[in-house]
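The values are calculated or read from the model by the stated rules, or taken from the named source; none is laboratory data. Just so it is clear, the model here is predicted, and its values are computed rather than measured. Cβ coordinates were reconstructed from backbone atoms using ideal geometry, including for glycine residues, and neighbour counts include every protein chain displayed.
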Amino acid sequence: MKKQLGIASTAGIAALIVAATVMPAHAVTYGTPTISLSAGYLSGSVNGVGDQTVDVTVGQSGADVSALTVSASASSKTSVAGTGDVTVTGTGAVRRLAVTAHSRGYTNLTIKVAGLGGKTATKTLSYAASAAVQNPADARYFSGASDSSAAVDVGGGYTVVADDENNVLRLYDRSRSDAPVRTWDFSSQLGVTKEVDIEGATRVGNTIYWTGSLGNNKDGEYKAPRNTVFTTTVSGSGTATQLAYGRSYKHLREDLVAWDQAHGDRYGFAAGTATGQAPKQIDGFNVEGLEFAPGSTTTAYVGFRAPLAPAVPGGKALLVPVTNFDRVLSNGAPAAFGSAIELDLGGLSVRDIRKNAQDQYLILAGSWAADDNSDPYALYQWDGIAGHAPVKRADLPTTDPGGWEAIVEVPDLSAPGARVQLITDSGSADLYGDGIEAKDLTHPEFKKARAAWFTLDRHAS
């Protein structure tokens, strides 16, 4: 009996060994895939070139990330963009998602990751498309704000852009439609809680000078933060650009009024700044340009959107030289002034003024009026010398949303095919066809300003 038991035991062990060698290993268990978006809101444009994209990060425990697929599985409004209009590139943990828009409006896109084991996960991307614009290949969109008002090139293909609805300065890649790379808000250093209404800027060395509009608000009320000029110091360039707060001066408006009164109220600055006076009137008071005189780091031209000189249709644009502008900001010296300069811009006023290292100036000319997105705009070349007439180099299109507001950088204006990049203030534009002005949109990702390249006429006219 013991012998038989031993034989049976030996046979059982052998059977277990055989079973262990032929039975499959434990099946791999796959977790639920994970998916996240670098932004939950994305703005594009019909016929857009190089529109902003979103990064999609995916993963799944137990699976190689390259085995996961990402796609759009649903769209709430296919006339804006359908599932087939979503393109996903890349095979790693981070994929790049782009959307091609067909019409203006909004849609919610369901973005799905399909993993192994038949498991999936989704996220919703809220997408908004603005209308097609002229020359879309030359257009880029800077998102995060819509009321762009001044810009300064900081090298490496990047620019710092100001917004007149807040005090945030934003760093953008000039070649891309994208969110800002970096932002700075100097409200606390400026001692303000409301907008400075930044409208003009210029750079000398590593110092950027910024000016508020200096005028009343649209209701004719004096708001002290708007009576501000200030400096920032630049370090680095490109993506490494950093800004540090410098100094501010908060009496330039009073200095200008006193200067004008001492010269017979020639330009009506006292009346233009009076309580109840809206700034964007032909006889109002509103600063929108700032640039230094030829070869100077001390005398700056303050360019006026209003008033015209004289304050009648067809009047000339006004520049007032501040001859000690560097000292005004460095030690708070009261502003000193030179003789005013009146320029014939065809009845238009200064919306921006910028020069290059060769002291070649471009003036962005537009209407003094507040409702001017369809009014004429033009670019004029000038040599910066009083008594010398500016020469028109281009008429600017006015059928697309936004008013032309800022010159990023002045190219060599004597070079054939010279191209200049301008930025719009799109704050009052209905970008998405819902009747909401861009400045009032809930999501900052949907707010945007358009930057566009223009080739200047070869022969000035």
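Any chance you could count how many residues in the stretch 292-306 are surrounded by fewer than 24 Cβ atoms within 10 Å (Cβ to Cβ) and assigned to a strand (DSSP E or B)?
1
Given the criterion modelled with pLDDT of 95 or more and over 22 Å from Val160 (Cβ atoms), identify the matching residue among Thr273, Thr228.
Sole residue among the options that is modelled with pLDDT of 95 or more and over 22 Å from Val160 (Cβ atoms): Thr273.
In the list Ser143, Ser177, Ser149, which residue meets the criterion of being over 21 Å from Ala39 (Cα atoms) and either touching a Ser or Thr at 6+ places or on another chain (Cβ under 8 Å) or not aromatic (Phe, Trp, Tyr) (or both)?
Numbers: Ser143 fails: over 21 Å from Ala39 (Cα atoms); Ser177 fails: over 21 Å from Ala39 (Cα atoms).
Being over 21 Å from Ala39 (Cα atoms) and either touching a Ser or Thr at 6+ places or on another chain (Cβ under 8 Å) or not aromatic (Phe, Trp, Tyr) (or both) holds for just one of Ser143, Ser177, Ser149, which is Ser149.
So, Ser187, is that one assigned by TED's automatic domain parsing to the domain that holds Phe304, surrounded by 15 or more Cβ atoms within 10 Å (Cβ to Cβ) and out of contact with any strand residue (DSSP E or B) (no Cβ under 7 Å at 6 or more places or on another chain) or not? Even if it seems obvious, please write down each step before you answer.
Details: assigned by TED's automatic domain parsing to the domain that holds Phe304: yes; surrounded by 15 or more Cβ atoms within 10 Å (Cβ to Cβ): yes; out of contact with any strand residue (DSSP E or B) (no Cβ under 7 Å at 6 or more places or on another chain): yes.
Yes; evaluated as a whole, the condition is true for this residue.
Looking at (1) touching a residue at least 40 places away in the same chain (Cβ under 8 Å); (2) loosely packed, with under 15 Cβ neighbours inside 10 Å; (3) in contact with a strand residue (DSSP E or B) (Cβ under 9 Å, 6 or more places away or on another chain); (4) farther than 30 Å from Ser38 by Cα, which is the one condition that is false for Gln358?
(3)
I need the full set of residues from the stretch 136-159 which are loosely packed, with under 15 Cβ neighbours inside 10 Å and either aliphatic (A, V, I, L, M) or outside the structural domain of Leu364 (by TED's automatic domain parsing) (or both), in order please.
Within the stretch 136-159, just Ala137 meets the criteria.
Out of the stretch 176-190, which residues are more than 12 Å from the chain's Cα centre (by Cα) and touching a residue at least 40 places away in the same chain (Cβ under 8 Å)?
Trp184, Phe186, Gln189, Leu190
Collect the residues in the stretch 418-461 that are of a type in the set (A, V, I, L, M) and either exposed (fewer than 15 other Cβ atoms within 10 Å of the Cβ) or within 15 Å of Glu165 (Cα to Cα) (or both), keeping them in residue-number order.
Ala429, Ile436, Ala438, Leu441, Ala449, Ala460
For Ala201, all conditions in the list (1) part of a strand (DSSP E or B); (2) under 20 Å from the mean Cα position of the chain (by Cα); (3) over 25 Å from Phe269 (Cα atoms) hold save one; what is the number of the exception?
(3)
Looking only at the stretch 244-266, decide whether some residue is in a strand (DSSP E or B) and hydrophobic (A, V, I, L, M, F, W, C). Explain how you work it out, then say what you get.
First, the residues of the stretch 244-266 that are in a strand (DSSP E or B): 244-249.
Subsequent filtering for residues that are hydrophobic (A, V, I, L, M, F, W, C) retains 244.
Among the residues of the stretch 244-266, at least one is in a strand (DSSP E or B) and hydrophobic (A, V, I, L, M, F, W, C), which makes the answer yes.
Out of all the residues in the stretch 278-290, is one or more surrounded by fewer than 22 Cβ atoms within 10 Å (Cβ to Cβ), in contact with a Ser or Thr (Cβ under 6 Å, 6 or more places away or on another chain), modelled with pLDDT of 95 or more and of a type in the set (A, V, I, L, M, F, W, C)? Show your work before the answer.
If we filter the stretch 278-290 for residues that are surrounded by fewer than 22 Cβ atoms within 10 Å (Cβ to Cβ), which is where we start, we get 278, 280-283.
Filter once more, so that each one left must be in contact with a Ser or Thr (Cβ under 6 Å, 6 or more places away or on another chain): none.
Checked against the condition, which is being surrounded by fewer than 22 Cβ atoms within 10 Å (Cβ to Cβ), in contact with a Ser or Thr (Cβ under 6 Å, 6 or more places away or on another chain), modelled with pLDDT of 95 or more and of a type in the set (A, V, I, L, M, F, W, C), the stretch 278-290 yields no hits at all.
Within the set of pairs 6+ apart or on separate chains, which have a first residue in the stretch 209-238 that is part of a helix (DSSP H, G or I), a second that is crowded, with 19+ Cβ neighbours inside 10 Å and of a type in the set (Ser, Thr, Tyr), and C-beta atoms under 8 Å apart?
Arg226/Ser213; Gly238/Tyr158
Please work out if Leu169 is at negative phi, more than 14 Å from the chain's Cα centre (by Cα) and not small (Gly, Ala, Ser).
Taking the combined requirement at face value, the residue does not satisfy it.
Out of (1) surrounded by 16 or more Cβ atoms within 10 Å (Cβ to Cβ); (2) among the aliphatic types (A, V, I, L, M); (3) not in a helix (DSSP H, G or I), the odd one out for Ala271 is which?
(3)
Hey, any hits in the stretch 116-131 for a residue that's at pLDDT 95 or above, in a loop (DSSP other than H, G, I, E, B) and within 30 Å of Val56 (Cβ to Cβ)?
Taking the stretch 116-131 and keeping what is at pLDDT 95 or above, we get 116-131.
Among the residues that remain, those that are also in a loop (DSSP other than H, G, I, E, B) are: 119, 131.
Add one more test, that the residue is within 30 Å of Val56 (Cβ to Cβ), and what stays is 119, 131.
The answer is yes, given that some residue of the stretch 116-131 is at pLDDT 95 or above, in a loop (DSSP other than H, G, I, E, B) and within 30 Å of Val56 (Cβ to Cβ).
Step by step: first the residues of the stretch 89-115, then only those that are surrounded by fewer than 16 Cβ atoms within 10 Å (Cβ to Cβ) and among the aliphatic types (A, V, I, L, M), then the one that is nearest to Tyr30 (Cα to Cα). Which residue is that?
Taking the candidates together, the pick is Ala93.
Just one of (1) exposed (fewer than 15 other Cβ atoms within 10 Å of the Cβ); (2) closer than 30 Å to Pro444 by Cα; (3) among the β-branched types (Val, Ile, Thr) trips up Val350, so point out which.
(1)
Within the stretch 48-59, identify whether any single residue is closer than 23 Å to Ala132 by Cβ, part of a strand (DSSP E or B) and in contact with a helix residue (DSSP H, G or I) (Cβ under 7 Å, 6 or more places away or on another chain), and answer yes or no.
The answer is no, given that none of the residues of the stretch 48-59 is closer than 23 Å to Ala132 by Cβ, part of a strand (DSSP E or B) and in contact with a helix residue (DSSP H, G or I) (Cβ under 7 Å, 6 or more places away or on another chain).
Considering only the stretch 148-160, state which residues are in a strand (DSSP E or B) and either over 13 Å from Asp197 (Cα atoms) or over 8 Å from the mean Cα position of the chain (by Cα) (or both).
Ser149, Ala150, Ala151, Val152, Asp153, Val154, Gly155, Tyr158, Thr159, Val160
For Gly289, only one of the following conditions fails: (1) part of a loop (DSSP other than H, G, I, E, B); (2) under 24 Å from Arg247 (Cα atoms); (3) in contact (Cβ under 8 Å) with a residue 40 or more places away in the chain. What is its number?
Tallying (1) part of a loop (DSSP other than H, G, I, E, B); (2) under 24 Å from Arg247 (Cα atoms); (3) in contact (Cβ under 8 Å) with a residue 40 or more places away in the chain, Gly289 fails exactly one: (1).
Out of the stretch 275-305, which residues are farther than 14 Å from Asp344 by Cα, within 25 Å of the chain's Cα centre (by Cα) and among the small types (Gly, Ala, Ser)?
Result: Gly289, single match.
Would you kindly identify the strands (runs of 3 or more DSSP E) lying entirely within the stretch 348-451 that contain at least 2 residues that are at pLDDT 95 or above, charged (D, E, K, R) and touching a Ser or Thr at 6+ places or on another chain (Cβ under 7 Å)? Don't jump to the end; show me each part of the working.
Values: elements: 349-355, 361-366, 377-382, 391-396, 403-407, 419-425.
Of the strands (runs of 3 or more DSSP E) lying wholly inside the stretch 348-451, those with at least 2 residues that are at pLDDT 95 or above, charged (D, E, K, R) and touching a Ser or Thr at 6+ places or on another chain (Cβ under 7 Å) span 419-425.
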